[in-house]
Structure formats: C-alpha cells, structure tokens
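Please read the structure below before turning to the comments.
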Amino acid sequence: MKVNGEDFQTIWLDSTESIIHIIDQTKLPHHFTTKPLHSLDEVINAIKIMEVRGAPLIGVTAAFGIAFAMKNNSSDDSLKDASSRLFQSRPTAVNLQWALNRMNKELMPITSEKRFEAAWSLCQTILDEDIKTNQSIGKHGLDLIENNFNKKTLQILTHCNAGWLATVDYGTALSPLYYAYNKGIDFHVWVDETRPRNQGAHLTAWELGEHKIPHTLISDNAGGHLMQKGEVDFVIVGADRISMHGDVCNKIGTYLKAVAAFENNIPFYVAAPKSTIDRDATKNFFDIPIESRHEEEVLMMQGLNSNNELTNIQIAPKGTRAFNPAFDITPHKYVTKIITEDGVYSPQELKSVYS
C-alpha cells in the first residue's frame, strides 16, 4: 500500500544480512518510522509493545522470531523454547499459534544444520502467502459489496484497525474497501477511535488518508447513534480468532457494535484469513484466554505536544485503577457473513467448509 505515494509493506526482509524491517506502529500517525529486528528477543518485544500488531502480522513476525532463534541455536530445545516464549507474547490471536505450529511442523524433521536456512525460506513463503490471502479476501469482499448494495454513497463503519497495517499488505476488513475504491465505488468510512489504544484514530484514519479514501473519525460510542439514524449500510471488522461455530474474538468493543447492528438490521461482516479459525470445535470458545493489558493504556493517552514530540498524558485521577481487556467475543448469531480467502460464508457454514 501507499505511504506518501511510495509502496510499502508492514514487514520486509533483508536476506543479505538475515534481518527484517518493520514499521513501528507505536509512532503512527504522527511519525512514520521503520526499524530493523535482529533477534528473537527483539521480535518478542516488538509484538508485546505492539510495534507490530494485528493477528496476521503477528503470525508472520513470530515466524521470523523462530528463524532468528534457529540462527543462534538450531537445537530441538531452542525451537521449543522460542515457540513457548513467542506464544506468551500475545496469546489471544490464533494466527500466532498457527504460525508457530507451521514452523515447528516443517523444521522438526530437518537436521539442525539446515534448520536456519529452511526457517528463513519458510518465513518468506508465509509472508508472500499473507499478501495473496489478503488480496483474495479483498476480491471476495468486493463481490459481496457489489452484489448486495446499490446506492449513491455507501456508509461503512469499521472498528479498530484491520487494514494493511494489521497484515503484511492490503489488510482484511479494509482490503475489500481498497478494491472498491480502486474500482470507483462511492463510499465513506466511519472510523471508530477504538479506545484505549486508539488504533482507529491512529492507524485506520492514517492509512485511509494515505489512500485518499473519504472517512470520518468518531468516538466509539457514536456508532449505535449512527445506525439508528440510518447512517450505516454495513459494518466490517477483522478478527483475532474465529470459532468453528462462527463466534468472533476481536478488539474490545466489537461485540457492542455487532449487537447494535443486529438491533438495527444492519449487516455485520467479519473479514479474516482461514488461519484465524480455531479448528478445535469442542472448545468452549468463551473460555479462550483474553489478554489483559496494562492499566496505563486506559489511564494515559498518547499525542503530540507543542514541540511536536510524542508524549503521554494522564487522563484519570491519580490512584484510579483500570481494567483493560484487549478483546471481546461476538456470538455467531450477530455475524451476517464471514469473508475468508476462500469465499464468503455464513457462520453456520464454517464447520462444513473448514473441519
């Protein structure tokens, strides 16, 4: 996608030095900064502090963490230890576990002397596959839009950031919108600010602006009001994990948007790669680990000061405690369709398609 008219991905590799480069998303939208990652520890830190974020991108980045571990120590114990440490960095997004499982499955049978080379090659494959997957999601989502809506200007609401910044390129929930815009479809996007980290305000608004897509930032609580007023034609979000029954785990606040959409007879779409689907159909999905992040994300806010420097300010009284779950779960009855790289499905169809 574009940054100041130049093509960028969120992550790319330098094979000559066996390192990767990322966009530091904690600095957006005020400063566009890239940085190299050289080691497993740096990858874990980048995932934990959300320099990289979004379920698909976390999975791709974690795969490179395994490759870095194999560069230093390619033993079985090293592979197991690296996988365990990476999994603990962000346990809710199933793409992370998917990437680690894939790396382990393909590396374990290989002799230790060849593991780093094989790991690096597999990481490149996973990266390239993510781009193709998101392109397919975009095309299927475009078909859904064209076949179900026919009006002058579509009004679309999205939550958090499920654009190209959450993947290697194109995005999940925003990928159909990029395809629609490039095809000349007239639409406008309502962008939830998405407290407490403001990924909508910081990331979604930034990347839509870079692509010249009309959008308006709204407070999280304004979505239901807009739906009641007939100002939303459909809602589209990403996902960090989807159950085989079609329940969707996504950024906190998604559930409230889905309930409001259901109440107002507005389609609620979820776009995600099939690697986001948790294949354990016997699991009680409402018992999955929900990451609880530091309370400072709620008590503090980041922005630019008068010197054009990023700074944090306290917004709550000193001594106030905060609860900060990162995700919630939307039951499948509120989900209209799920868009994957394979097609568009009702929640009830997932089990037959992906079991």
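Note on region 67-203: with charges restricted to the Cβ of Lys and Arg (+1) and Asp and Glu (-1), its dipole about the Cα centre is near 220 debye. Would you please classify the overall shape of region 71-112 from the alpha carbon gyration tensor, given that a ≥ b ≥ c denote the square roots of the eigenvalues, rounded means a/c under 1.5, and beyond that prolate means a/b larger than b/c while oblate covers the rest? Since a/c reaches 1.5 but b/c is at least a/b, the shape of region 71-112 is classed as oblate. Is region 61-204 rounded, prolate or oblate when judged by the Cα gyration tensor, a ≥ b ≥ c being the square roots of its eigenvalues, rounded requiring a/c under 1.5 and prolate requiring a/b larger than b/c? Cα axes put region 61-204 in the prolate bin. Counting 0.36 nm for each residue step from Phe8 to Glu263 and taking away their Cα separation leaves a gain of 87.9 nm. In terms of distances greater than 20 angstrom between alpha carbons, the cross-link table entries Lys132/Lys152; Lys48/Lys337; Lys229/Lys257; Lys132/Lys274 yield Lys132/Lys152; Lys48/Lys337. Qualifying trypsin sites (Lys or Arg not before Pro) in region 286-355, where qualification requires a DSSP coil assignment and no more than 11 other C-beta atoms within 10 Å, comprise Lys318, Arg321. With an a/c value of 1.5 or above and a/b larger than b/c for the gyration tensor axes a ≥ b ≥ c computed over the alpha-carbon atoms, region 1-73 is described as prolate. Exposed loop positions in the chain were taken to be GluC sites (Glu not before Pro) whose DSSP state is not H, G, I, E or B and which have at most 11 other beta-carbon atoms within 10 angstrom. Between these positions, the longest stretch is 18-308. Helix 76-89 axis versus longest C-alpha principal axis of the chain: approximately 20°, rounded to the nearest ten.
Here the peptides 53-62, 149-158 are ranked by packing, the mean other Cβ count within 10 Å, and the order with the highest first is 53-62, 149-158.
At full extension, Lys139 and Asp24 could sit 38.6 nm farther apart than now, given 0.36 nm per residue minus the alpha carbon distance. Helix 254-263 and the long axis of the chain differ in direction by around 30°, with both axes built from C-alpha atoms.
The loop-placed trypsin sites (Lys or Arg not before Pro) in region 162-241, going by DSSP, that have at most 15 neighbouring Cβ atoms within 10 Å of their Cβ come out as Lys183, Lys212, Lys229. Stretching the chain fully between Phe32 and Lys212 yields a gain of 63.1 nm (0.36 nm per residue, less the alpha carbon separation).
Just so you know, all these numbers are worked out from the coordinates, no wet-lab data involved. As the structure is a computational prediction, the values presented were derived from the model and not from experiment. Cβ coordinates were reconstructed from backbone atoms using ideal geometry, including for glycine residues, and neighbour counts include every protein chain displayed.
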